[in-house]
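Here is the structure we will look at.
The values are calculated or read from the model by the stated rules, or taken from the named source; none is laboratory data. Note that this is a predicted model, so its numbers are computed, not measured. Neighbour counts run over all protein chains shown; Cβ positions are idealised from the backbone, glycine included.
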Amino acid sequence: MIRECEDHGYFRDEYCPICGEEGKFLMNDYEVEKLGRTMAGILRHGKHDLDMDDQGFVDMRSIVAVMKAKNPRMRWLRTHHVEAMAETDPKGRYQISGSDVRATYGHTIELNLRLPVDGIPEVLYFPTTEEECDLLLEDGLFPSDRAMVHLSRSYGDAVRAGSVRVDDPVILAIDTVGCIDAGIEIGRAAKTVFLCDQVPPEFLYIADEKEDEDGEEDDDGPDEEED
C-alpha cells in the first residue's frame, strides 16, 4: 500500500519509516498494482497513444484519464496518486518533471533518453543463457526485446534478473571503462540499472562471482506490465 505522512511525504508501509506515524491512506496493494501496470504500458510501450516527448515524459493528467476510463474502480484517482506511485517506487522506475512523468528504463519504443553518465561502475553485468553465451561473446550485446541494452550494477542483480527467464543464467561482465573510452555512452537509469546502445565483444567476458559481492537488491527483475 501507499500512504502519505504529513511531515515526510509518501511511503509504502503501514507506518512512516521516519516518524512512525500511520499517515493518510492513498492506495491499497491492488490499486498500486493496477496503476503500475497501466503506467508501464503507457510509459514503456507507448500504449493508448498519449502525447509523449522525445524523453518519454507524459502528462500525469493523461494517465489518470486513461486509468479512470479503463477501470471504474479507479474513478477516485488523481495526479497525486501517480506522483506517489513514482516517488515511492523501490526500484526507481519513474522520474517526475513538473506535471510529467516518465519510465527510466524498460522501454520498447525508441526515445532520445538523456541519462546521467557520471559515476558509472568500472564493471557492469548482463545475464544470458549457456546457449547464447558464446554468440554474445563473439558478436557483442545489442537490444532485443527492449530499445536499449540493460545492464545490472552487481553480479547478484544480474543473476536475479536472468533467473526470470532461465534457472541458472550465465553472467557476463562488461568493461565499462573500455566502452566509454571507445565512445559508447552508458547512462544510469535507476538505482541499479544502466543503459547503452551496444557492448562490443572486446569488452565482454564471463564474470567471476567473487569479483562482485556487494549484494545489491535486484532492480532489473520482473516489473509491472499492463494486462
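Suppose we filter R114, R73, R93, R78 for residues that are within 29 Å of N28 (Cα to Cα), of a type in the set (K, R) and under 16 Å from the mean Cα position of the chain (by Cα); which single one remains? After ruling out the rest, the residue left standing is R93. Counting only strands (runs of 3 or more DSSP E) that fall entirely inside the stretch 1-118 and contain at least 3 residues that are surrounded by 13 or more Cβ atoms within 10 Å (Cβ to Cβ), the qualifying elements are 2-5, 9-11, 94-97, 100-103.
Quick test for you: out of L135, L141, L172, L124, pick the one residue that is without any contact (Cβ under 8 Å) to a residue 12 or more places away in the chain and of a type in the set (A, V, I, L, M).
The conditions single out L135.
Please verify whether D145 is on the phi < 0 side of the Ramachandran plot, crowded, with 22+ Cβ neighbours inside 10 Å and modelled with pLDDT under 95, treating the condition exactly as stated. Considered against the rule, which asks whether it is on the phi < 0 side of the Ramachandran plot, crowded, with 22+ Cβ neighbours inside 10 Å and modelled with pLDDT under 95, D145 comes out as no.
Of the residues making up the stretch 138-161, those that are within 15 Å of the chain's Cα centre (by Cα) and not small (G, A, S) are D145, R146, M148, V149, H150, L151, R153, D157, R160.
Okay, residues lined up against (1) basic (K, R); (2) out of contact with any Leu (no Cβ under 8 Å at 6 or more places or on another chain); (3) modelled with pLDDT under 95:
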{"residue": "Y30", "(1), (2), (3)": "no, yes, yes"}
{"residue": "D54", "(1), (2), (3)": "no, no, yes"}
{"residue": "V58", "(1), (2), (3)": "no, no, no"}
{"residue": "A69", "(1), (2), (3)": "no, yes, yes"}
{"residue": "M74", "(1), (2), (3)": "no, no, yes"}
{"residue": "V82", "(1), (2), (3)": "no, no, no"}
{"residue": "M85", "(1), (2), (3)": "no, no, no"}
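Taken over the stretch 148-177, the criterion of being surrounded by 18 or more Cβ atoms within 10 Å (Cβ to Cβ) and among the acidic types (D, E) is satisfied by D157, D175.
Residues being within 29 Å of M148 (Cβ to Cβ), in contact (Cβ under 8 Å) with a residue 12 or more places away in the chain, in contact with a helix residue (DSSP H, G or I) (Cβ under 7 Å, 6 or more places away or on another chain) and charged (D, E, K, R) are represented in the stretch 45-55 by at least one member.
Being in contact (Cβ under 8 Å) with a residue 12 or more places away in the chain and in contact with a His (Cβ under 6 Å, 6 or more places away or on another chain): is that true of R78 here? When the stated conditions are applied, R78 does not pass them.
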